[in-house]
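Report on the following structure.
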Amino acid sequence: MNLEPLYILRKPLLTEKSTQQMEENNVYTFEVDRHASKDVIKAAIEKAYGVKVVKVTTQVRKGGSRRFKYGTVAEHSWKRAAVKVAEGQSIELF
């Protein structure tokens, strides 16, 4: 597995709930590579954004199925990581 942040971190997830957690708890949410472990995610965040990561929690989201006029298509499963950053530090996503 390539340990470059470009291959581990797919995109930040900006929803109403994740934005609220950014402001209140200093927790940022990312879509990450499905096979990345918590240690790899922590190292990628620290290298990409230059912050100290305190805690990483992950969740694998199962892909569902969608119906189209020509049949059903299975969506891919993906992994979400919530990263808590040390007090006084922040990640600029905008």
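None of the figures in this text is laboratory data; all of them are computed from the coordinates on show. Note that this is a predicted model, so its numbers are computed, not measured. For neighbour counting, all protein chains shown are included, and Cβ atoms are generated from backbone atoms with ideal geometry for every residue, glycine included.
Could you tell me which residue out of Val53, Ile41, Gly63 lies farthest along the dipole of the chain toward its positive end? Charges go on the beta carbon: Lys and Arg +1, Asp and Glu -1, centred on the Cα centre.
Working it through, the farthest residue towards the positive pole turns out to be Gly63.
Could you tell me which of rounded, prolate or oblate describes the chain, using a ≥ b ≥ c as the square roots of the eigenvalues of the alpha-carbon gyration tensor, with rounded for a/c under 1.5 and, failing that, prolate when a/b is larger than b/c and oblate otherwise?
Numbers: a/c = 2.65, a/b = 1.69, b/c = 1.58.
Cα axes put the chain in the prolate bin.
Have a look at Lys79, Lys55, Lys17 and tell me which one the Gaussian network model of the chain (Cα, springs below 10 Å) gives the largest fluctuation.
Lys17
Going Cα to Cα from Lys79, which aspartates and glutamates come in below 18 Å? Please leave out same-chain ones fewer than 8 positions away.
Glu4, Glu31, Asp33, Asp39
Could you work out how far helix 38-49 tilts from the main Cα principal axis of the chain, as a 0 to 90 degree angle to the nearest 10?
For helix 38-49, the angle is close to 70 degrees.
Can you give me the angle between helix 16-25 and the longest principal axis of the chain, using Cα atoms only, in degrees from 0 to 90, rounded to the nearest 10?
The helix 16-25 is inclined about 20 degrees to the chain.
Could you identify which residue out of Arg34, Arg61, Arg80 has the top mean-square fluctuation in a GNM of the chain using Cα springs shorter than 10 Å?
Judging by the Gaussian network model, the answer is Arg61.
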